[in-house]
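Values in this text are rule-based calculations from the coordinates and carry no lab data. Note that the structure is predicted; figures quoted are calculated from it, not measured. Because the Cβ atoms are built from the backbone with ideal geometry, glycine has one as well, and the counts that use them run over all protein chains shown.
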Amino acid sequence: MKTKIWTVENSDKLSTSYPHLSQAAALLKENEVVAFPTETVYGLGANACSDVAVKKIFEAKGRPSDNPLIVHIASVDKLEEIVSHIPNSAYKLIESFWPGPLTLVLEKQDKTLSTFVTAGLDTVAVRMPDHPVALEIISRSEVPIAAPSANRSGKPSPTQASHVYHDLNGRIAGIVDGGSTGVGVESTVVDCTSDIPTILRPGGITKEQLEAVIGQVEVDKALVDEEQAPKSPGMKYTHYAPNAPVIVVQGDDAFFQDVIKQHEQEGRKVGVLATKEGKTVLKANKIIECGSRSDLHTVARDLYDVLRAFDQEDVDLILSESFPQDGVGEAVMNRLLKAAGNQVISQKK
Ligand code: TXA
Ligand code: MG
């Protein structure tokens, strides 16, 4: 399959790119799959009401069929066609955070969506992305759009069109290139069907932000205890992994340097994922900069690009800085630890 590529130079001037976006939306209507930017990561979209279309997403990504997809909408009134009940907490969250990086899990309507979207669950995950290109494509397609991250299953999510091209060229109908995404980690997934809303996946909207709007919010036990089965099926799979193994290093810069030295002495080519601050003090064969300690949003923004960049380098092992697990640091550490398969080296106190 030849993958069409459309470039949207400046999303503030969408009118000039209308022909592109109409072509992309037309392909979605014809039950083809098209990748497009959202504010978090690139999504791989397809008509959420069509079995044929949704199956193509799973095929292109190599995604396990028991992992449900997020349905993307461009206006809140579409929500009522998809879900059967909207609790008060959900209304409040929608008012505060949509469009934005927040996905709500709600009870689904029986008939509207392809059953492949929800992988047999009674619930459906829905979000309204905060990106002009995504909103334009979804509203022009006139259907709800199922869209997982547009990477091959297991790989880091794409934050640039080139990442999508690398993973999926020839496997999908088109890619809309709208430049780099901003947030860099995926949306926060919140289950609103439980009495107390529960975070199933940390992401672009923090627990603190959610609690400021609806009060108490729980965190799925599986996020803190490896033994527990996650309520979000996708959280159980290996994810975000570059080719070389990743180890997260918890400790100060001197400890990190010792760990690097030890691995180098054992003959390994070590790659280091370090912040701007870390890069000024650490010494290693290859260091790739990932944001700044002073603002973890910059680490979130750069994380997947840096993990992918290591695949272009001759390294045997990637040692990564560790980050405080609050605010967006929660999502950053969740993704890093998954990339590392939970391998951590900690400094003894
Ligand atoms: O930011 C994002 O959310 C991106 C962009 C493209 O919108 N999308 C994304 O989709 O990250 P994906 O498929 O890579 O991740 C969806 C997550 C998975 O962990 C999946 O298991 C979970 O949402 N999920 C989907 N439907 C669910 C449901 N009904 N109940 C619980 N978890 C669900
Ligand atoms: Mg994904």
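In table form, for the structure just shown:
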{"read-out": "Within region 254-349, helices (runs of 4 or more DSSP H) holding 1 or more residues that are of a type in the set (Ser, Thr, Tyr)", "value": "276-281, 296-309"}
{"read-out": "Residue ID - farthest from Arg63 (Cα to Cα), chosen from residues in region 232-251 that are away from ligand 2 (no atom under 16 Å from the Cβ) and outside any strand (DSSP E or B)", "value": "Gly251"}
{"read-out": "Considering residues of region 28-86 that are out of contact with any Ser or Thr (no Cβ under 9 Å at 6 or more places or on another chain) and polar (S, T, N, Q) only, the residue nearest to ligand 2 (Cβ to nearest atom)", "value": "Ser65"}
{"read-out": "Residue match in region 159-170 (condition: crowded, with 23+ Cβ neighbours inside 10 Å and closer than 18 Å to Asn334 by Cβ)", "value": "yes"}
{"read-out": "Looking only at region 174-185, and only at residues there that are in a loop (DSSP other than H, G, I, E, B) and buried (at least 21 other Cβ atoms within 10 Å of the Cβ), the one that is farthest from ligand 2 (Cβ to nearest atom)", "value": "Gly178"}
{"read-out": "All positions within region 206-253 that are buried (at least 18 other Cβ atoms within 10 Å of the Cβ) and of a type in the set (S, T, N, Q)", "value": "Thr206, Gln209, Ser232"}
{"read-out": "Every residue from region 123-158 that is in a loop (DSSP other than H, G, I, E, B) and within 12 Å of ligand 2 (Cβ to nearest atom)", "value": "Ala147, Pro148, Ala150, Asn151, Arg152, Ser153, Gly154, Lys155, Pro156, Ser157, Pro158"}
{"read-out": "Filter pass, Leu104 being within 17 Å of Tyr237 (Cα to Cα), surrounded by 21 or more Cβ atoms within 10 Å (Cβ to Cβ) and under 21 Å from the mean Cα position of the chain (by Cα)", "value": "no"}
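Here's the yes/no breakdown for (1) free of Cβ contacts under 8 Å to residues at least 24 places away in the same chain; (2) among the aliphatic types (A, V, I, L, M):
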{"site": "Ile172", "(1), (2)": "no, yes"}
{"site": "Thr181", "(1), (2)": "no, no"}
{"site": "Gly204", "(1), (2)": "no, no"}
{"site": "Gln209", "(1), (2)": "no, no"}
{"site": "Val213", "(1), (2)": "no, yes"}
{"site": "Glu218", "(1), (2)": "no, no"}
{"site": "Asp225", "(1), (2)": "yes, no"}
{"site": "Gly251", "(1), (2)": "no, no"}
